[in-house]
1. On the basis of being touching a Gly at 6+ places or on another chain (Cβ under 8 Å), closer than 26 Å to A12 by Cβ and assigned to a helix (DSSP H, G or I), does G144 make the cut?
2. So is G136 outside any helix (DSSP H, G or I) and in contact with a Pro (Cβ under 8 Å, 6 or more places away or on another chain) or not?
3. Regarding the stretch 227-234, can at least one residue be identified that is acidic (D, E) and surrounded by 22 or more Cβ atoms within 10 Å (Cβ to Cβ)?
4. Given the condition more than 27 Å from V138 (Cα to Cα), in contact (Cβ under 8 Å) with a residue 40 or more places away in the chain and among the small types (G, A, S), answer yes or no: does some residue in the stretch 243-251 qualify?
5. Starting from the stretch 88-114, keep only residues that are assigned by TED's automatic domain parsing to the domain that holds L69, then list their pairs with residues that are among the aromatic types (F, W, Y) whose Cβ atoms are within a distance under 6 Å, requiring at least 6 positions of separation or different chains.
6. So I109 passes all but one of these: (1) part of a loop (DSSP other than H, G, I, E, B); (2) of a type in the set (V, I, T); (3) within 19 Å of C140 (Cβ to Cβ). Which condition number does it fail?
7. Every residue in the stretch 216-227 that is under 23 Å from K150 (Cα atoms) and outside any loop (DSSP other than H, G, I, E, B), please.
8. Out of curiosity, is I110 crowded, with 17+ Cβ neighbours inside 10 Å and either over 16 Å from V275 (Cβ atoms) or β-branched (V, I, T) (or both)?
Amino acid sequence: MSAELIDGKLIAASIKDELKEKVANLMAQGITPGLAVILVGDNSASQVYVNNKKKACEYIGIKSFSYELPATTKEAELLELIEALNGDQTIHGILVQLPLPKHMDEQKIILKINPTKDVDGFHPQNVGALSIGLEGFVSCTPAGVIQLLKRSHIDIAGKQCVVVGRSNIVGKPVSMLLLREHATVTICHSRTKDLTAVLRQADIIIAAVGIPKFIHGTMLKQGAVVIDVGINRDETGKLCGDVDFESCALQASYITPVPGGVGPMTIAMLMYNCVLAATNQGGII
């Protein structure tokens, strides 16, 4: 048996098409969604992300504002820029590309962003809203994982879900989203004893541990659904996930590839958050 591939590019494309329609409706009411992306320094991976975000904005009809600052920018200058964008009514979403240079306090920067413009979903107010089931922005990768499952008609309710990884960006929020969908959730990490025993109980596995090919097919039960959030390089320098794709594809019923699985969904959900921000700020129901 070989797993069915979950095509993140295809699902992301259909979300973008839905958003394009929503943006056309907003523009007919005099609102053009605006997204400000701030990049500090010249991290090449961040540069690629920022360019992909610009392309997505262009396709959907979101006005993209780009702020590319040198690595030597003072923290106070960045805080000042965010303050100005908070007050700018043409900007509905603000995104600061992480990681930031060492001399900047990421938490301080995230706290400065107005929670109603925090389209990355990293502000403690949005994280808190997620944890108690209130409305707010959900960080893009976890939201993308849920959409991949739902749009592939994979039932989440009542399933045993194992999340491998406990980061604030993926592991914790995706666990809360799965709970919201009525799954039974177990979070594992580097100190979990006998990970294989836990994984063998899982109907759905979300791998977000940041270790290349960490999860092998022998660790899965037959027919598990595998969502691979990892983006790593293997020993040959080739892109790979946290899952050993070949061996897991033989055991799983559904699996995401790397690249082309979760990655495109992250950008699609950022666009979704930006359109939602514009709708909320425009007072449109």
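The values are calculated or read from the model by the stated rules, or taken from the named source; none is laboratory data. Quantities reported herein were computed from a predicted structural model and do not represent experimental measurements. Don't worry about glycine lacking a Cβ; one is built from the backbone with ideal geometry, like all the others, and counts go over all protein chains shown.
1. Yes, satisfied.
2. Considered against the rule, which asks whether it is outside any helix (DSSP H, G or I) and in contact with a Pro (Cβ under 8 Å, 6 or more places away or on another chain), G136 comes out as yes.
3. Within the stretch 227-234 (the criterion being acidic (D, E) and surrounded by 22 or more Cβ atoms within 10 Å (Cβ to Cβ)), the answer is yes, since at least one residue qualifies.
4. Looking only at the stretch 243-251, we keep the residues that are more than 27 Å from V138 (Cα to Cα), and these are 244-251.
Still in the running and in contact (Cβ under 8 Å) with a residue 40 or more places away in the chain: 248-251.
Pick out the ones that are also among the small types (G, A, S) and you get 249.
Within the stretch 243-251, one or more residues are more than 27 Å from V138 (Cα to Cα), in contact (Cβ under 8 Å) with a residue 40 or more places away in the chain and among the small types (G, A, S).
5. Cβ pairs passing all conditions: I110/F122.
6. For I109, the failing item is (1).
7. Scanning the stretch 216-227 gives V225, V226, I227.
8. Judged against the criteria, I110 is a match.
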